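Report on the following structure.
The values are calculated or read from the model by the stated rules, or taken from the named source; none is laboratory data. Predicted model, so just to flag it, every value in this text is computed and none were measured. Positions of Cβ are backbone-derived with ideal geometry, glycine not excepted, and every protein chain shown enters the neighbour counts. Protein only, heavy atoms only, side chains kept; ligands, DNA and RNA dropped before computing areas. Shrake-Rupley method; radii C 1.70, N 1.55, O 1.52, S 1.80 Å.
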Amino acid sequence: MTVFRSPGFTPTSTPRTTDLVQSALQALATATTTPPSDEKILFIEERSVWEPTSWLIQCCWAALAKAGAGDEALSVARLAALRQPLAALQVLHQLAQQAEQSPALTVLVRNELAAHQSRLLESALSPAGRDLLTDDTNQIEGLLLGAASAALIGDLALAGACLDRLDQSMISWRRIMDQPEWRALLAESVAYIGLQAQTEHLIQGAVRRFDDAGVQFLHQVASLLTRRAKEQLDEAAVASTTINLLAACVETLRDATLTNLQSRRLAVTVLAQAGMVDDLLAQLTIIANLLTAQRDSGINRQSEGLLLRQVKRPKAKPDIDFQVYTLQEAVAVMPIQQIAREQRIGLAEQLAWLGTRSDGWTAAGAAASLIQLGAVEYAVNVVDKIAPNDPTRSEGTLALVRGLLAAGEPVLAATQVNKALAWARTQAGRNPERAITWGLAEIYLKQGEPERALQLLNQWRTTSTSLLQRLRTMGSKRLDDDALRNQSLRLQALLQLNQANKEIQTLFTDLATWAPRLLDGEALINFYVQGLLQPLLNASRYKPALGLLPQLHAAMGKLNGHKHAVRVAEVTTLLAQPLAPTSPLYNDPATRDILTQFLVNLWQASAQRGIWQVVHSIEGSLPLLLALEGPQAAVEIARSVADY
């Protein structure tokens, strides 16, 4: 890969180029003549399989497609056609996923697919077919993208024709099923086409022909059908189509021979979506017997255990965890209101029994699902049975309180809060109290109950210090890690209460001052974004939020590569909120100037660290750039770098 280009990139101005676009192009030009200041950056860049310019073009069309700017996204995608022949079809697929909310996109996608139809359906052996699809991989993905896009906008004839072309070609369906991305596109096509001879053949033979990949395919189809049914409950025709297709998936799984636990777990979820509790319980019994047989036979399942958890849980039992997780997934997608009371009781009893046989994390998941089933007493008993010396008891309590509040049981939730605080104060160290106090405060803030969150924070016990320590800090206001967390939650509560500006300003100043002294790296950025920026913007406190930008810029400038792009995108997505048409600052020139200068400073600083750093910086800035300058700005950047 060429990291530096010679001669240097020269930004070209057009009558439509804005100052902000020109600043981005100037940063790219500066970066081409500036070697990376950090050797680690150069090492990362040299391993990239992309050119910086081609990657930026892809980011531009992806951001435009996500924003629903169809014409602009397609124009940029055409710039990438040489390297990415399927870029335009990928854009159409993203636009088709938004078509239900935008009829104009439906018309655009339909017209563009019609223009691609003859070339898509050409045989891979003909010159016309190879003009667009240069190899069989592109042919497969192109037909799958075309089928999925057409099905999403209701063009079932074209969707079926694309699948028929796949079936007639010399392409193995197993090859498609073994590729997760292709399998997802096929599942989307089948879910929206409905039950026809072609799709019925795929569904009925899924497990027999494709083994575990076929089970995953059926699970994806069923998940899409369930989501679609929830979105379109009033359309009888759609509901009937959904029921028939879901029934075909269920029948295939009921009659199939499933070869491993993961396939049976997915089968349980599909059965739950269809409300077939008896078959679900039968599968759970088989899963429990298989787990027992594996344990008794001494089969080494250490590698599977690593997949089940990523934290140390010495008191957990993997077999129980797997069963509880399977039931959690089933309850989450189950039409609970349509399930008979006796069947719900049977599910609740089994889940309650399993929830008490592992640690607090498992109990937390079981309690949340039990509340969904309406078994509140079972959920309380599961959490009560967690061993007092188990530090994960806090997780069970948090899940229980969260579920009780969501179920409309504030009195019972308050009782559990008092029990949890009493337990935390009997434990050695401060970690249990931290987990309970801060976790409960966050739960109440999300429920819109800031008064209750403040009551919890007011009960925080400050650590006693020696006389000498108090004398050293006398006359100065110092924050430690605990105080930083407490004050951040207090600020969020006061913002929800819309309290006086003076108190909020004092808290904000203290937090902004001490955060960079106590935190660094991504922890500091997390605190800035989640603890300060997002709450301030949600409360429409734009002045202190915009005042935080220099510190955010300094913190994000220390990250490299993709991490930098992700963090910048997270921040700029939030900063685009004040520019929404419904915002009072929509036409405020001062706000636009501040945000524009923030981007310019960010790009200029990134330009000093090499071409890839500024590319990632512009990549992450696209949400705010689109909000400030509109979709044409991204088009101008893409066109300029395409000529580079």
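From the list Ser640, Ser583, pick out the single residue that is of a type in the set (Ser, Thr, Tyr) and assigned to a loop (DSSP other than H, G, I, E, B).
Criteria check complete, one pass: Ser583.
Taking the residues in the range 307-333 that are modelled with pLDDT under 90 and within 22 Å of the chain's Cα centre (by Cα) as candidates, determine which candidate is nearest to Arg393 (Cα to Cα).
Val311
Results for (1) under 30 Å from Glu451 (Cα atoms); (2) open to solvent by 20 Å² or more (accessible area, probe 1.4 Å), shown as yes or no for each residue.
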{"position": "Leu347", "(1), (2)": "no, no"}
{"position": "Gly360", "(1), (2)": "yes, no"}
{"position": "Ala364", "(1), (2)": "yes, no"}
{"position": "Val383", "(1), (2)": "yes, no"}
{"position": "Ile386", "(1), (2)": "yes, no"}
{"position": "Asn389", "(1), (2)": "no, yes"}
{"position": "Val401", "(1), (2)": "yes, no"}
{"position": "Val411", "(1), (2)": "yes, yes"}
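When only residues in the range 476-496 that are of a type in the set (Lys, Arg) and modelled with pLDDT of 90 or more count, which is surrounded by the fewest Cβ atoms within 10 Å (Cβ to Cβ)?
Among those that are of a type in the set (Lys, Arg) and modelled with pLDDT of 90 or more, it is Arg485.
Could you list, in sequence order, the residues of the range 554-576 that are of a type in the set (S, T, N, Q) and either farther than 24 Å from Asp593 by Cβ or buried (at least 19 other Cβ atoms within 10 Å of the Cβ) (or both)?
Once the filter is applied, which keeps residues that are of a type in the set (S, T, N, Q) and either farther than 24 Å from Asp593 by Cβ or buried (at least 19 other Cβ atoms within 10 Å of the Cβ) (or both), the range 554-576 yields Asn560, Thr572.
Give the residue that is most open to solvent (accessible area, probe 1.4 Å), with candidates limited to residues of the range 31-74 that are modelled with pLDDT of 85 or more and in contact with a Pro (Cβ under 6 Å, 6 or more places away or on another chain).
Only one residue tops the list, namely Glu72.
Within the range 279-298, count every residue that is surrounded by fewer than 13 Cβ atoms within 10 Å (Cβ to Cβ) and either at pLDDT 90 or above or among the hydrophobic types (A, V, I, L, M, F, W, C) (or both).
Qualifying residue count, the range 279-298: 3.
Given Ala368, Ala413, Ala387, Ala379, which one is over 16 Å from Ile336 (Cβ atoms) and assigned to a helix (DSSP H, G or I)?
Exactly one residue qualifies, and that residue is Ala413.
Residues of the range 152-189 being at pLDDT 90 or above, β-branched (Val, Ile, Thr) and outside any helix (DSSP H, G or I), which ones?
Answer for the range 152-189, where residues must be at pLDDT 90 or above, β-branched (Val, Ile, Thr) and outside any helix (DSSP H, G or I): just Ile153.
What's the number of the only condition in (1) among the hydroxyl-bearing types (Ser, Thr, Tyr); (2) surrounded by 19 or more Cβ atoms within 10 Å (Cβ to Cβ); (3) farther than 16 Å from Ala633 by Cβ that Tyr586 fails to meet?
(2)
Please specify each residue of the range 216-274 satisfying the condition of being at pLDDT below 90, β-branched (Val, Ile, Thr) and over 21 Å from Ile339 (Cβ atoms).
Listed by number, the residues that qualify are Val238, Thr241, Thr257, Thr259.
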